[in-house]
Amino acid sequence: MSSGPRVVPAGLVVLVGPPASGKTTFVRELVAQGSLEPDAVVSSDDIRAEFFGGEAADAVSDTADARVFDERDRRITDRLAAGRTAVAESTNVTPRARARLVAIAGRFCVPVTVLRFPQDEADLLGQNEERGRSDVSAADVSAYAALMRRDASAAQLRAEGAAFVYDVPGRGQGVAPAEAARRFTFRRA
């Protein structure tokens, strides 16, 4: 990227990508590099772990999902109300998932920046296998990848209300997470 890092304005940052696409690793690198405050990242996986620990059976019900995403939305709302950037770290591959986030940003008149993780499905499956997580199957990864291809093009994301849409390069493009993180600069409110 010869023009320097992409500048992400203060506001709501929505990560969009299937499981194993590198979202978590990317935001960890941003935090490690000092680009983001640790509590800027609002992760549905982290909230699920806080609420349910290792009790996988309790963590995957519709009731559990509602509780997790209500809490995620509350945390995002609190950050935006305080004039601070929030990063929604979930798959967010469906329009419905993104609509509730765009609505929250709209309440605070802050821009929505979408960071897409459009990795090749074969790479996703390989990365998922390497993660060794039993809660996300290869079929799950493929289903999310299909949803992203169908429902998360840059044009669609802009039509839904994203002010900015950037693709985050990954392993398939020969870019390590630390290098991908250096390609973005986050403005502070």
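The values are calculated or read from the model by the stated rules, or taken from the named source; none is laboratory data. Fair warning: this is a prediction, and the values are worked out from it, not measured in the lab. All Cβ positions, glycine included, derive from the backbone under ideal geometry; neighbour counts span all protein chains shown. The accessibility values were calculated without ligands, DNA or RNA, using every heavy atom of the protein model including side chains. Shrake-Rupley method; radii C 1.70, N 1.55, O 1.52, S 1.80 Å.
Shape class for the range 61-100, computed from the alpha carbon gyration tensor (a ≥ b ≥ c): oblate, with a/c not under 1.5 and a/b at or below b/c. When a/c is below 1.5 the answer is rounded, else prolate if a/b is larger than b/c, else oblate, so apply that to the range 117-189 with a ≥ b ≥ c taken from the square roots of the Cα gyration tensor eigenvalues. It comes out oblate by the Cα gyration axes. Taken per residue, the accessible surface of the range 18-96 reaches 47 Å², heavy atoms only and a 1.4 Å probe.
Solvent-accessible surface of the range 101-189, taken per residue with a 1.4 Å probe and all protein chains present: 53 Å².
Here the gap between Glu50 and Arg131, fully extended at 0.36 nm per residue and compared with their Cα-Cα distance, gives a gain of 27.2 nm.
Modelled spin-label separation between Arg67 and Ala159, with each label point placed 7 Å from Cα along the Cα-to-Cβ direction: 3.7 nm. Over the C-alpha trace of the chain, radius of gyration and Dmax come out as 15.7, 48 angstrom.
Once the convex hull of all Cα atoms in the range 77-163 is built, its volume per residue stands at 105 Å³.
Can you figure out the FRET efficiency of Ala138 with Ala99, using R₀ = 30 Å and their beta-carbon distance, to the nearest 0.05?
0.60
Carbon-plus-sulfur accessible fraction, the range 95-180 (probe radius 1.4 Å, protein heavy atoms only): 54%.
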